[in-house]
1. Roughly to the nearest percent, how much of the accessible area of segment 127-204 is carbon and sulfur, given a 1.4 Å probe?
2. In nm, what is the difference between 0.36 nm times the number of residues separating Asn115 and Asp93 and their Cα-Cα distance?
3. Using a probe radius of 1.4 Å on heavy atoms only, what accessible surface per residue do you get for segment 62-204? Whole Å² is fine.
4. Of Asp193, Asp106, Asp98, Asp140, which has the most accessible area with a 1.4 Å probe, and how do the rest follow in descending order?
5. Which entries of Lys66/Lys102; Lys66/Lys91; Lys141/Lys202 have Cα-Cα distances beyond 29 Å here?
6. What spacing in nm lies between the two simple spin-label points modelled at Lys202 and Cys162, each 7 Å away from Cα in the Cβ direction?
Amino acid sequence: MSDSAAGHARVDTSKRTWLIASGCAGAVGGVAVAVPFVSTFQPSERAKAAGAPVEVDIGGLQPGEKMTVEWRGKPVWILKRTPEQLAELPKLDPLLADPQSKRNPDEFTPPYARNEHRSIKPEILVVVGICTHLGCSPTDKLQAGPQPSLPDNWQGGFLCPCHGSTFDLAARVFKNKPAPDNLPVPPHMYLSDTRLLIGEDKKA
């Protein structure tokens with residue numbers, strides 16, 4: 001009987017050793033599988049870059065020209081307005097829904113852009129090119145004068161092709177249009193006369 005008990009003990013011991021070894025191997029394999037799976041929840045380098053500030057050289061931008069850059073997956077327009085275009089802005093106030101950018105200022109207009117031209121430097125407009133109605137991107141209608149879908153006294157600006165909202169050259173929405181607010185001004189600052197940083201305004 002004692003021999004039989006000893007035989008069972010030997011078998012149980014070897015089984016236990018095999019089970020422990022198998023369990024360890026399984027645990028190691030599980031970790032190997034879990035690590036890449038968990039890593040998918042970490043933000044990718046591209047995703048991190050999408051929220052980073054964007055530095056732009058505007059030295060070659062001529063009066064009347066506009067350039068577009070991407071910041072956080074959104075188009076940001078940089079428009080260099082002419083002296084004539086700037087002179088027309090105050091005349092449009094009676095036609096605009098929010099000429100002084102007082103509506104939702106914390107969301108759409110930083111303190112340094114709460115002025116007639118909605119910008120740090122009068123000639124340089126920096127706005128997110130997404131309509132505040134349903135998120136379409138307005139098209140350029142920078143040329144003054146009568147044009148399809150625009151009034152005869154059009155002084156230049158932007159037209160949303162989705163529902164007809166119109167914005168002046170300071171990206172302010174006209175009255176009686178679907179868009180409830182002016183186009184948003186993103187955080188931005190000048191690193192030099194020709195270098196613009198979009199997405200950060202610590203020095204502003």
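The values are calculated or read from the model by the stated rules, or taken from the named source; none is laboratory data. If you're wondering where the values come from, they're calculated on a predicted model, not measured in any experiment. Quick reminder, even Gly has a Cβ in these numbers, built from the backbone with ideal geometry, and neighbours come from all protein chains shown. These accessible areas exclude ligands, DNA and RNA; they are computed on the full protein's heavy atoms, side chains included. Shrake-Rupley method; radii C 1.70, N 1.55, O 1.52, S 1.80 Å.
1. That share works out to 50 percent.
2. Answer, rounded to one decimal: 6.7 nm.
3. 48
4. Asp106, Asp193, Asp140, Asp98
5. Lys141/Lys202
6. Inter-label distance under the simple model: 3.5 nm.
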